Amino acid sequence: VGARVTVETDAYLCMRCEYCRKEEFNRCPNRKGIGTTTDGALADQLVMPERAVHVLPANVGLVEGALTEPLAISVHAVVEQSPSLAGQVVVVVGPGAIGQLCAQVAHAVGATVVLVGRTRHAEALQRAKDVGIPYVVDSETEDLERIVKDLTGGYGAHTVFECSGASGVVESSIPLLRRGGRLVLVAFFREDPHVDIDAVINREIEVLGSRGKRPSSYRTALRLMENGQVDLAALASVRLPLDSWREGLDLVAAGRKVIFDIT
Ligand SMILES: [Zn+2]
């Protein structure tokens with residue numbers, strides 16, 4: 001009692017399907033998620049099974065702890081759904097919380113990371129630069145394809161992580177990739193993206209989905225935090241008292257990450 005913890009966000013898992021038995025909870029067809037397919041955690045109390053609760057390492061603050069879930073999603077995409085990225089050139093498109101964390105995790109595992117945003121993301125791109133992401137690119141004012149080609153001897157990136165949810169990005173990601181490269185889809189799309197299937201075939205591009213996270217993603221995320229291999233403080237830029245919940249939820253709707261301070 002009284003321990004500082006973070007929790008996984010599964011509201012219901014059948015624990016009977018083949019996926020559940022392997023702790024691949026994100027693949028359970030009967031899964032319900034807190035705040036997505038069932039009511040969220042804006043409640044006085046929340047009951048969770050013990051297996052979904054992780055004690056925060058002593059050197060990890062509560063604010064950083066609140067970001068374990070997006071970090072776990074990024075760990076799932078970058079570590080669990082990808083072969084080793086060490087030594088590879090990796091492009092992350094979309095500098096929201098998930099994109100920033102995918103960039104940080106890819107950097108931590110030894111990839112050369114290019115994080116891409118638009119002009120309106122200048123602040124987020126600067127934050128990424130401040131935490132050590134070597135290349136940040138404004139795709140509206142800079143020639144992204146040229147930059148990636150220059151970094152790779154003309155071949156193109158090994159992997160692109162799509163974290164923006166902008167439907168046009170899928171199409172424009174294909175020419176960034178080398179032949180045999182991999183496109184990992186992390187964000188959901190409001191509008192169906194168009195994909196040049198001929199280019200996918202001719203260039204032997206692998207397209208892979210990455211959805212949510214698993215207990216293993218949480219364990220790795222907490223280890224990365226404990227070892228200081230990721231910097232979450234910069235992402236927790238908007239902190240509000242609970243009384244300002246309306247303003248906070250409006251910011252969330254506008255795509256910001258907001259942390260409510262209830263202490
Ligand atoms: Zn299941």
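Read-outs throughout are calculated quantities, based only on the coordinates presented, and are distinct from any laboratory measurement. What you see is a predicted model; the values in this text were computed from it and never measured. Here the Cβ positions follow ideal geometry from the backbone for every residue, glycine too, while neighbour counts run over all protein chains shown.
Per residue of the chain, what 222 nm ellipticity follows from adding -39500 (n - 2.57) for every DSSP H run with n ≥ 4, rounded to the nearest 500?
Value at 222 nm, helices only: -8000 deg cm²/dmol.
With Cα atoms as the point set, the chain shows a radius of gyration and Dmax of 18.6, 58 Å. From the alpha carbon centroid of the stretch 84-136 to that of the stretch 177-221 is 16 Å. With a/c under 1.5 counting as rounded, go ahead and sort the stretch 65-218 into rounded, prolate or oblate using the C-alpha gyration tensor (a ≥ b ≥ c being the square roots of the eigenvalues; past the cut-off, prolate if a/b is larger than b/c, else oblate). In terms of gyration-tensor shape, rounded. Taking every DSSP bridge with both residues inside the stretch 1-132, close to 45 percent are antiparallel. Over the stretch 133-197, what is the relative contact order in whole percent, taking alpha-carbon pairs under 8 Å and six or more residues apart? About 32 percent, as a whole number.
Of the chymotrypsin sites (Phe, Trp or Tyr not before Pro) found in the stretch 138-227, the ones in coil according to DSSP and having at most 13 other Cβ atoms within 10 Å of their Cβ are PHE188. Which of rounded, prolate, oblate describes the stretch 1-97, given a ≥ b ≥ c as roots of the alpha-carbon gyration tensor eigenvalues and a/c under 1.5 marking rounded, otherwise prolate only if a/b is larger than b/c? The shape class here is oblate. Considering all C-alpha pairs of the stretch 220-263, those separated by over 16 Å amount to 48%. Exposed loop sites were defined as trypsin sites (Lys or Arg not before Pro) in DSSP loop states (anything but H, G, I, E or B) carrying at most 13 other C-beta atoms within 10 Å; in the chain the longest segment without such a site runs 23-189. As a rough footprinting exposure proxy, the listed residues MET15, MET48, MET225 were ranked by other beta carbons within 10 Å of their own, and the order from fewest upward is MET15, MET48, MET225. Pairs exceeding 30 Å between alpha-carbon atoms, taken from LYS22/LYS129; LYS32/LYS129; LYS129/LYS257: LYS22/LYS129; LYS32/LYS129. The antiparallel fraction among DSSP beta bridges confined to the chain stands at about 15%.
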